[in-house]
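What follows is a set of notes on a single structure, which appears directly below.
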């Protein structure tokens with residue numbers, strides 16, 4: 001039930017015929033209060049979709065009553081008409097729920113450049129059905145299904161506190177790997193009684209070490225949105241530290257679900273960078289390695305080609321001596337102090353889960369980047385996709 | 001005859017059995033003078049191969065008498081033993097030619113981590129044969145063949161000046177696309193009478209707008225080297241501007257030969273960025289677009305997915321308004337002022353040559369980045385390669 005697990009929330013997922021398959025494609029999540037605290041983070045891409053431009057303004061006052069999400073079209077680079085579509089969608093939801101449009105987040109996902117009159121009409125015509133279908137029971141699962149694009153299954157997660165509050169979340173997207181850049185949308189709900197300021201701090205802390213560290217294919221989306229809504233319906237003021245930890249656990253759970261469902265991938269690769277001079281350095285190194293097509297193609301072929309790890313990290317300006325570092329692949333130290341280490345034949349890359357451990361021998365900071373391999377299926381799905 | 005076209009040069013390409021195929025794998029280029037002016041540029045990767053570390057020192061005094069190059073092993077991340085191998089190779093060449101080892105450039109290409117005793121012995125044992133085979137006639141072609149790894153054919157080019165001097169060049173590597181990061185090696189010769197300072201200026205000017213703008217797969221090598229040697233044997237002091245223009249033309253010719261032979265590629269993509277605020281901005285934008293796996297997979301599928309162009313350039317900090325720009329693909333303006341433009345069905349992506357024109361509408365600077373598409377063959381060749 002994901003987003004409807006915390007008290008005070010209803011959700012729905014209905015068919016607006018945006019998807020050619022006829023599957024659910026319009027989701028609605030409503031916060032019935034008593035509080036409507038909220039926070040959100042968005043793509044840092046300068047090429048922002050219209051719903052992102054709208055939602056960034058909506059969440060500024062820390063109050064969100066509802067989130068409407070569609071798959072089947074990103075409404076990005078669709079000009080003034082596209083922005084008006086987003087606005088009209090928020091107005092339609094507000095009208096049906098007797099709330100303010102300025103408290104309605106809008107999220108879209110699908111192909112960039114899609115957002116014409118037909119697209120608009122389908123959404124606006126279906127909003128009443130989405131409101132009518134709102135439910136605190138089946139609505140969560142329906143909503144999680146409605147935001148799927150090329151996901152093979154819905155992604156949901158729940159965390160419960162002994163203190164009496166809970167967090168629920170749903171996500172869509174195959175990491176950054178999704179074709180058409182129709183990528184990551186996440187809605188998280190909680191019935192803890194928390195101010196927007198606390199939500200914002202907790203959400204940024206949680207996403208920084210979870211969603212921000214998934215880098216399936218280096219392609220940043222125009223539509224990424226992670227929204228967190230608090231109803232306060234549990235009547236419990238959550239301890240901020242405990243809440244942030246639970247939220248981080250939930251975000252990590254969803255982030256790893258995205259990685260495991262990344263399009264075309266045959267390996268889930270955790271790039272663990274340790275003993276870096278700073279956490280930033282560890283992230284920079286991990287991200288550079290995660291973006292090496294040569295390394296990712298080698299992992300696809302079960303080839304522990306550690307030279308490609310070193311060539312990738314050599315392109316960064318992080319603090320380390322390239323001839324001092326160790327690299328282990330699935331537990332075998334194939335490179336020791338910048339020279340060939342243990343026999344690479346000992347590395348077993350047949351499991352889907354793969355760990356590349358990079359010891360920079362420079363300090364005590366660390367970070368993990370989650371990525372995927374580069375496969376024939378990735379090329380195929382991203383060369384053929386157009387809807 | 002490439003590198004032996006200018007007067008004053010001999011070359012050879014022989015078999016050291018570094019390649020399992022038994023093909024030529026050891027090349028030698030010798031400058032017989034009267035001058036031995038030289039300049040070189042190297043990979044900016046901090047993870048540098050031993051031959052690069054050696055050659056950076058050799059070229060510092062502007063004098064180079066010979067270049068020895070091997071395929072079949074990159075001698076990178078092979079530690080102190082590997083560096084000694086490079087040094088011993090230079091000494092062996094110097095001894096045979098009665099020159100100083102400090103005037104011998106060494107270049108290696110092949111798999112990272114390869115450079116053991118067997119590798120060393122094969123090279124040192126074959127140096128006398130390479131010297132014995134030196135020739136001003138067939139030697140150029142033999143040398144161009146000996147530096148090939150996964151190249152499907154040798155790359156050579158010649159420029160001749162009416163003033164009486166010429167430039168010859170050979171290159172190996174499939175852009176940055178070469179598996180094992182056994183990438184770009186280039187040797188250029190001229191019989192113009194020029195100082196090392198002039199050669200250095202001309203070489204940096206030429207490579208900046210040619211080799212530096214090939215970005216097949218975003219992977220920077222550990223062994224890249226471009227060396228320029230002048231014999232002065234024509235007796236003509238070349239005009240620096242004319243020489244730089246001819247050198248740039250030759251480098252562009254070789255760079256485009258690399259792109260056209262890029263592993264697994266089915267499209268040669270020119271990303272032309274115009275009306276940028278600065279040339280740096282144009283390069284940054286072109287490079288970001290050239291590194292979008294999603295775009296490159298779309299081109300492979302003959303899909304003019306312009307949304308992926310916009311999503312990629314939105315990740316840069318170059319000066320432009322993402323909602324103002326135009327994008328044309330093979331002459332069809334598919335995105336006009338940040339909105340859908342002409343019908344994408346009009347774009348014909350079936351030819352191998354593909355041009356993506358991005359008009360930033362910000363200034364008058366421009367730059368072109370040459371890249372390739374992301375194909376099944378790229379994934380296959382880079383997942384399977386190990387020699």
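Values quoted throughout were computed directly from the atomic coordinates according to the rules given, and no laboratory measurement underlies them. Everything numeric here is computed off the predicted structure, so don't read it as measured data. Cβ placement follows ideal geometry from the backbone for every residue including glycine, while neighbour counts extend to all protein chains displayed.
With the largest listed first and rounded to whole Å, the semi-axes of the equivalent ellipsoid of the protein assembly as shown from the Cα gyration tensor are 55, 28, 20.
Counting, for every residue in A:334-341, the Cβ atoms of other protein chains within 10 Å of its Cβ and taking the mean gives 4. By the count of other C-beta atoms within 10 Å, a proxy for reagent exposure, A:76, B:335 are ordered fewest to most as B:335, A:76. Between residue B:277 and residue A:245, what FRET efficiency follows from the Cβ-Cβ distance if R0 is 45 Å, with the result rounded to 0.05? With a Förster radius of 45 Å, E is 0.50.
For region A:1-58, would you read off the P(r) tail past 20 Å as a percentage of all alpha carbon pairs? If you can, show how the numbers build up before the last one.
Details: 812 of 1653 pairs.
Result: 49 percent of Cα pairs exceed 20 Å.
When the inverse distances between all different Cα atoms of region B:1-102 are averaged and flipped, the Kirkwood radius reads 14.7 angstrom.
The Rg/Rh ratio of region A:30-180, with Rg taken over Cα atoms and Rh as the Kirkwood radius over Cα pairs, comes to 0.95.
Exposure proxy check: B:267, B:87 ranked by fewest other beta carbons within 10 Å? Intermediate values should be presented prior to the final figure.
On the way: B:267 20, B:87 16.
Exposure proxy ranking, most exposed first: B:87, B:267.
Mean silhouette area of region A:252-325, derived from the convex hull of its C-alpha atoms and averaged over all directions, reads 5.4 nm². Modelled spin labels at residue B:56 and residue B:384, positioned 7 Å past Cα toward Cβ, are 3.7 nm from each other.
Only helical runs count toward this figure. For the protein assembly as shown, summing -39,500 (n - 2.57) over DSSP H runs of n ≥ 4 and dividing by all residues gives -10000 deg cm²/dmol at 222 nm.
For residue A:342 and residue B:117, what does the FRET efficiency come to when R0 = 25 Å and r is the distance between their Cβ atoms, rounded to the nearest 0.05?
Details: r = 19 Å, r/R0 = 0.76.
Calculated transfer efficiency: 0.85.
The other copies place their residue B:245 label points at 7.2 nm from this one, listed shortest first, where each point is 7 Å from Cα along Cα→Cβ.
Where the alpha-carbon atoms of region A:222-377 are placed on the principal axes, they occupy 59, 38, 30 Å, in descending order. Take the Cα of residue A:302, step 7 Å toward its Cβ, do the same at residue A:129, and the gap between the two points is 4.7 nm. What percentage of all Cα-Cα pairs in region B:180-314 are separated by more than 24 Å? Summing the P(r) tail past 24 Å for region B:180-314 gives 41 percent.
The distance linking region B:198-219 with region A:324-387 is 31 Å (Cα centroid to Cα centroid, whole angstrom).
Arranged by the count of other C-beta atoms within 10 angstrom, fewest first, what order do A:20, A:138 take? If you can, show how the numbers build up before the last one.
On the way: A:20 9, A:138 14.
Lowest count first: A:20, A:138.
If R0 equals 45 Å, the separation of the Cβ atoms of residue B:204 and residue A:160 corresponds to a calculated FRET efficiency of about 0.10. Ranked from shortest, the separations from the 7 Å Cα-to-Cβ label point of residue A:20 to its equivalents in the other copies are 4.4 nm. What is the Rg over Rh value, at two decimals, for region A:223-273, using alpha-carbon atoms and the Kirkwood definition of Rh? Rg divided by Rh gives 1.11. Using only the alpha-carbon atoms, how far is helix A:240-260 inclined from the longest principal axis of chain A? Give it as 0 to 90 degrees, nearest 10. It works out to around 70 degrees. At full extension, residue B:84 and residue B:361 could sit 94.4 nm farther apart than now, given 0.36 nm per residue minus the alpha carbon distance. With the biggest extent put first, the Cα atoms of chain B measure 67, 48, 33 Å across the principal axes. In nanometers and ordered shortest first, the copy-to-copy spacing of the residue A:336 label point, defined 7 Å from Cα toward Cβ, is 6.6.
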